[in-house]
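Nothing in this text is a laboratory measurement; each read-out follows from the coordinates by a stated rule. In this text the structure is predicted, and so the values were computed from the model without any measurement. Note: ideal-geometry Cβ built from the backbone for every residue, glycine included; neighbour counts use all protein chains shown.
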Amino acid sequence: MKSIILILTFICVIISGNGVICFYKDSGTGYGINTESSLQDTLRYIYVGAETCAGKCHNNDELGHQYDSWKGSRHSKSYESLSTEKAVLYYQEAGLTGDPRESMVCLECHVTAAGFDTASLGPTYKKEDGITCESCHKGEFIPKTFLPAEADCLKCHNNSVHEVTAFDFNERCRKISHPRPQKKQ
């Protein structure tokens with residue numbers, strides 16, 4: 001039993017309506033408790049960028065070429081699109097001034113992890129990557145990979161700042177799908 005306790009570094013319990021408490025093993029000083037105020041420093045996901053995802057797993061024959069699919073998508077060009085005349089026009093029509101590439105109004109939908117503090121950004125993260133794997137499959141405090149739900153996509157695909165193409169979740173999922181290859185038997 002004691003060895004099991006030593007192996008565990010985090011045991012988190014979500015207390016309904018009362019926030020989160022995280023029990024952790026502190027190096028050398030024993031066990032402690034983190035409350036929600038310090039939880040983010042304990043469990044924060046670090047955004048590393050698309051090239052790191054590709055280099056680790058997602059651009060090979062065994063697990064698939066998801067990186068290549070992303071690289072050919074509009075998501076990978078989303079930051080770049082902010083420097084177009086069309087983006088400047090949308091920006092001005094929204095009553096904004098300045099550079100769309102520096103505005104949080106634009107960046108929150110055109111860049112993964114826009115506005116997050118630097119503690120969430122790894123050394124390989126680049127805002128120039130636009131909307132990366134991590135935007136759809138990770139979360140600031142969600143280190144486990146997940147498939148996005150329609151509500152996740154509608155945070156940006158919603159005509160909030162400028163008109164976007166009609167969004168059909170199922171159709172868009174089929175269009176951007178990048179599954180792992182089926183294992184050969």
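Scalar couplings 3J(HN,Hα) for region 45-53, obtained by applying the Karplus form with A = 6.51, B = -1.76, C = 1.60 to θ = phi - 60°, are 7, 9, 6, 10, x, 5, 5, 5, 4 Hz; x denotes Gly and Pro. Counting every other Cβ atom within 10 Å of each residue's Cβ, TYR79, TYR90 order from fewest to most as TYR90, TYR79. Computed from the C-beta positions of MET104 and SER73, the FRET efficiency with R₀ = 25 Å rounds to 0.60.
Going from the residue with the fewest nearby Cβ atoms within 10 Å to the one with the most, ARG174, ARG101, ARG180 rank ARG174, ARG180, ARG101. Rounded to 0.05, the FRET efficiency of the ASP168 and LEU63 pair, given R0 = 35 Å and the Cβ-Cβ distance, is 0.80. Taking H as built 1.01 Å from N, whose amide H comes closer than 5 Å to the amide H of ASN60, not counting residues under 5 places away? For ASN60, the qualifying residues are HIS65, GLN66. Backbone amide hydrogens, once placed in the peptide plane, bring LEU121 within less than 5 Å of TYR47, excluding anything fewer than 5 places away on its chain.
With 22 Å as the limit, write out which pairs from LYS71/LYS138; LYS138/LYS175; LYS56/LYS175; LYS56/LYS183; LYS71/LYS183 have Cα-Cα distances beyond it, or answer none. Beyond 22 Å: LYS56/LYS175; LYS71/LYS183. Within the same chain, aspartates and glutamates fewer than 8 places from LYS155 are excluded, and of the rest, those with a Cα less than 14 Å from its Cα are GLU108, GLU163, ASP168.
Building the convex hull from the alpha-carbon atoms of region 50-176 and averaging its projection over directions returns 8.4 nm². Partners of LYS86 within straight-line reach, counting lysines whose Cα lies under 16 Å from its Cα and excluding those fewer than 8 residues away in the same chain: LYS77.
Sorted fewest first by neighbouring Cβ atoms within 10 angstrom, ILE46, ILE131, ILE176 come out as ILE176, ILE46, ILE131. Distances between placed amide hydrogens fall under 5 Å for THR112 paired with GLY130, ILE131, THR132, all partners being 5 or more residues away or on another chain.
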